[in-house]
Amino acid sequence: MAKVAIVVLAGTETHEGLGRVVNALEAVKELKDGGHDVKLIFDGAGTAWVPELARPEHRAHALYRAVSDKITGVCDFCAGAFGVKSAVAAQGVPLACEYEGHPSILALVTGGYQVITF
């Protein structure tokens, strides 16, 4: 069984960012469907995707809902910096702040996770 952490860094401002987040969600879904240990983390500008994808009218909403149980954290510091911390909290998604307010990449790597960024 693979152990994979998918980290979304892409912002919401461009079509390219949408493509990256959709590819990240598809990768998480494929790993989840295959029975692998997968974690989904939103960091940097990617933190803004959580409230965006949570909107039922968003075209990637169904895909987001299909993998939302694999979200293990949204960067606490970055969610604040990008002005989405309260919107993320309203979704009930956990904030990650293990290393200086950010998710711990070291914990993932030492835990045996392959880290892939989108």
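Could you check, for region 80-100, whether at least one of its residues is under 13 Å from residue 9 (Cα atoms), crowded, with 16+ Cβ neighbours inside 10 Å and touching a Cys at 6+ places or on another chain (Cβ under 8 Å)?
So far as region 80-100 goes, no, none of its residues is under 13 Å from residue 9 (Cα atoms), crowded, with 16+ Cβ neighbours inside 10 Å and touching a Cys at 6+ places or on another chain (Cβ under 8 Å).
Conditions tested, residue by residue: (1) touching a Phe, Trp or Tyr at 6+ places or on another chain (Cβ under 9 Å); (2) modelled with pLDDT under 95; (3) among the acidic types (Asp, Glu).
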site: 7; (1), (2), (3): yes, no, no
site: 14; (1), (2), (3): no, no, no
site: 33; (1), (2), (3): no, no, yes
site: 41; (1), (2), (3): no, no, no
site: 61; (1), (2), (3): no, no, no
site: 86; (1), (2), (3): no, no, no
site: 104; (1), (2), (3): no, no, no
site: 110; (1), (2), (3): no, no, no
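Of all residues in region 4-17, count the ones that are touching a His at 6+ places or on another chain (Cβ under 7 Å) and in a loop (DSSP other than H, G, I, E, B).
Residues of region 4-17 that are touching a His at 6+ places or on another chain (Cβ under 7 Å), as a first pass: 4.
Now narrow it down to the ones that are in a loop (DSSP other than H, G, I, E, B): none.
Total meeting the criteria: 0.
The values are calculated or read from the model by the stated rules, or taken from the named source; none is laboratory data. Worth saying up front: this structure is predicted, and the values here are computed from it rather than measured. For neighbour counting, all protein chains shown are included, and Cβ atoms are generated from backbone atoms with ideal geometry for every residue, glycine included.
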